[in-house]
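Accompanying notes for the structure given below.
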Amino acid sequence: MSRKPLIREVPPTTWYFRHPRYLRYMSREITSLFVGAYCVLLVCGLGALADGKESYEAFLLALQSPLSIAFHVAAFIAALYHATTWFNATQVAMPIQIGENFVPGSWISGAHYVVWALLSVVVILLAGVF
Amino acid sequence: MAKSNKPVVWFPFAAGGTVIAFFIPVIALLTLLVAFGKVPAGLSYESMHSWLADCVLAKLAVFGILALSLWSSAHRLRCTCFDFGLRIDTLVAAVLYSAAIVASLAAAMFLFRL
Amino acid sequence: MKERLIRLEVFRYNPDTDTEGHYQHYEVSCLEEWVVLDALNKVKETLDPTLNFRWSCHMAVCGSCGMMINGEPRLACHTFLRNYPGTIRVEPLVHFPVERDLVTAPDDFMEKLKRVKPWIIRKDKQPIEQGEYRQTPKELLRFRQYAMCINCTLCYAACPEYGLTRHFIGPAALALAHRYNQDSRDQGRDERQEVVATKEGVWECTFVGACSEVCPVHVDPASALQQMKIASSFDWIKEHLLPGGGK
Ligand code: SF4
Ligand code: FES
């Protein structure tokens, strides 16, 4: 008997609608767009800072436009989402075996979260928010 | 099939992903405050200028954070383009990686000028 | 014991007459504690003897009953009817060619599995008289999780990168490469790297993580692939940036 298998192609531009977990994955990947754009904005800020007090203060003022507020909210959420997915993945990417057993994954991710929190507090204090 | 040179782009991606996770949320929070009109004291021209102009280590840290985050975002965006069905990977990669490099060089230049 | 009328929507494809697949509806009375495979068997016995599907062990060991159940790659013998109140849609695993009805052709996976040399490779073979290669419980635990794979290919059906780029070696085969790399008795990592560290190997993976979510025996291929990416990156640095190629 000859074989005549049926080949089903994956729709290359819409496949991620097939399952919620693919949408979650795509949202994780899309964070890069916002984070990348945000970093470019930071470079612009550095440029303004290098140009002197006047242009730096104009830059800070420009950040207050409604468009900029919306972008900052989006970038902040994207960065948070990236951070949680990244720290949750550390236990998968770097399992640690001590003695016979593996360290529980939640400890590895948990340690990252603790360091994250500490670093964030330090940056906030350095920036003189309080 | 020869072994791939992918580590060249992937290693900085992984390092950058870690840097983004640790630093970008809090930095974005600070500039979000600025966007809402509350400029934290440390972000004023005087204090920004003084700690960046005097301290080489601070310059290096800022450059490191920016360059790695930019590279990481560019690399992930490249994969995302493919996932969205854009099958011109070489072009996408060239554009995005160059953009990351140009932005990093600009950052280096600005830091140097401070 | 409670009986329930189960509605099944089953993908059919007959290579002798069809050019496309279609769906056929069946209604069978099943016991609430049955699995989807039982329902399919009852259809075959009482309604339609032409329905084709693979199975053997009925206990999540042989790995032959993988199919899409309501869009999720699952073992039919391990999927309980009680968790599915409505119509149950049953399709052959995606990303594989359909041989007939729910039967898919695993040839591509089998070929890729061979390429990663999933067996113990020794450079210095120890004579039989010296006994077996001994291993501590700690050394066993290093790879045991990855040795649990039952070759059910659910992870290939879950992996979008495999669906989009067919040359990708894929989750299970690479996880098995990792299984042997992690084995203290094995000396074949260099040989496997010739496949693992290529573009078609780990570098096609973008860490979607779907493979690990669907694996019925918790192999966690995503973890194996991430670990191999990191290790391959350090290899690259050794080979290209250190004097003497790290030899
Ligand atoms: S890794 Fe898990 S899902 Fe993949 S073939 Fe093996 S047992 Fe099946
Ligand atoms: S019949 Fe063997 S795994 Fe389901």
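The values are calculated or read from the model by the stated rules, or taken from the named source; none is laboratory data. The structure displayed is predicted, hence computed values, not measured ones. So basically every Cβ, Gly included, is an ideal-geometry build from the backbone, and we count neighbours across all protein chains shown.
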- prompt: What residue, among those in region C:33-56 that are within 13 Å of ligand 2 (Cβ to nearest atom) and over 21 Å from residue C:99 (Cα atoms), is surrounded by the most Cβ atoms within 10 Å (Cβ to Cβ)?
  reply: C:35
Residue selected from region B:69-99 under the condition surrounded by fewer than 16 Cβ atoms within 10 Å (Cβ to Cβ) and part of a helix (DSSP H, G or I), by the criterion nearest to the other protein chains (Cβ to nearest Cβ): B:89
message: Please go through region B:6-22 and give me each residue that is touching a helix residue (DSSP H, G or I) at 6+ places or on another chain (Cβ under 6 Å) and more than 7 Å from every other protein chain (Cβ to nearest Cβ), ordered by number.
response: B:9, B:12, B:13, B:15, B:16, B:19
message: I'm checking my understanding of the structure. Among residues of region C:137-185 that are of a type in the set (Ser, Thr, Tyr) and near ligand 1 (Cβ under 9 Å from one of its atoms), which one is farthest from the other protein chains (Cβ to nearest Cβ)?
response: C:153
message: Out of the residues in region C:61-71 meeting the condition of being buried (at least 16 other Cβ atoms within 10 Å of the Cβ) and within 15 Å of the chain's Cα centre (by Cα), tell me which one is farthest from ligand 2 (Cβ to nearest atom).
response: C:68
- prompt: Is it true that residue B:66 is facing chain A (nearest Cβ under 7 Å) and under 17 Å from residue A:34 (Cβ atoms)?
  reply: yes
message: Please determine whether any residue of region C:193-212 is in contact (Cβ under 8 Å) with a residue 60 or more places away in the chain and not aliphatic (A, V, I, L, M).
response: no
task: Would you mind telling me which numbered condition in (1) more than 7 Å from every other protein chain (Cβ to nearest Cβ); (2) in contact with a helix residue (DSSP H, G or I) (Cβ under 8 Å, 6 or more places away or on another chain) residue A:95 fails?
output: (1)
statement: Considering residues that are surrounded by fewer than 21 Cβ atoms within 10 Å (Cβ to Cβ) and not β-branched (Val, Ile, Thr), the number found within region C:194-206 is 3
- request: Would you check which residues across region A:45-60 are part of a helix (DSSP H, G or I) and either more than 7 Å from chain B (Cβ to nearest Cβ) or under 13 Å from residue B:109 (Cβ atoms) (or both) and list them?
  value: A:45, A:46, A:47, A:48, A:49, A:50, A:51, A:54, A:55, A:58, A:59
Helices (runs of 4 or more DSSP H) contained in region C:137-243 and holding at least 1 residues over 22 Å from residue A:16 (Cβ atoms): C:137-147, C:171-181, C:189-196, C:221-241
message: So, in region C:73-89, how many residues would count as being within 15 Å of residue A:18 (Cα to Cα) and within 16 Å of ligand 2 (Cβ to nearest atom)?
response: 1
task: Would you mind finding the one in A:79, A:83, A:37 that is more than 7 Å from every other protein chain (Cβ to nearest Cβ), under 15 Å from the mean Cα position of the chain (by Cα) and surrounded by 14 or more Cβ atoms within 10 Å (Cβ to Cβ)?
output: A:37
field: Neighbours by Cβ (under 7 Å, 6+ apart or cross-chain): first from region B:83-104, without any contact (Cβ under 8 Å) to a residue 12 or more places away in the chain; second assigned to a helix (DSSP H, G or I) and of a type in the set (A, V, I, L, M, F, W, C)
entry: B:83/A:26; B:86/B:92; B:89/B:82
- line: Inside region C:209-228, the number of residues satisfying the requirement of being over 12 Å from residue A:92 (Cα atoms) and more than 16 Å from ligand 2 (Cβ to nearest atom) is 3
- prompt: If you check residue A:100 against the conditions, is it modelled with pLDDT of 95 or more and either of a type in the set (D, E, K, R) or more than 30 Å from residue C:95 (Cβ to Cβ) (or both)?
  reply: no
query: Within region C:228-241, is even one residue at pLDDT 95 or above, surrounded by 19 or more Cβ atoms within 10 Å (Cβ to Cβ) and either at positive phi or within 16 Å of ligand 1 (Cβ to nearest atom) (or both)?
result: yes
- request: Would you be able to say whether some residue in region C:161-182 is within 16 Å of ligand 2 (Cβ to nearest atom) and either of a type in the set (Asp, Glu) or outside the structural domain of residue C:54 (by TED's automatic domain parsing) (or both)?
  value: yes
query: Hey, residue A:65 hits all of (1) within 7 Å of chain B (Cβ to nearest Cβ); (2) over 23 Å from the mean Cα position of the chain (by Cα); (3) surrounded by fewer than 19 Cβ atoms within 10 Å (Cβ to Cβ); (4) modelled with pLDDT of 95 or more but one; which does it fall short on?
result: (1)
- prompt: On the given criteria, is residue B:102 aliphatic (A, V, I, L, M), farther than 30 Å from residue C:168 by Cα and either at the interface with another protein chain (Cβ under 7 Å from one of its Cβ atoms) or in contact with a strand residue (DSSP E or B) (Cβ under 8 Å, 6 or more places away or on another chain) (or both)?
  reply: no
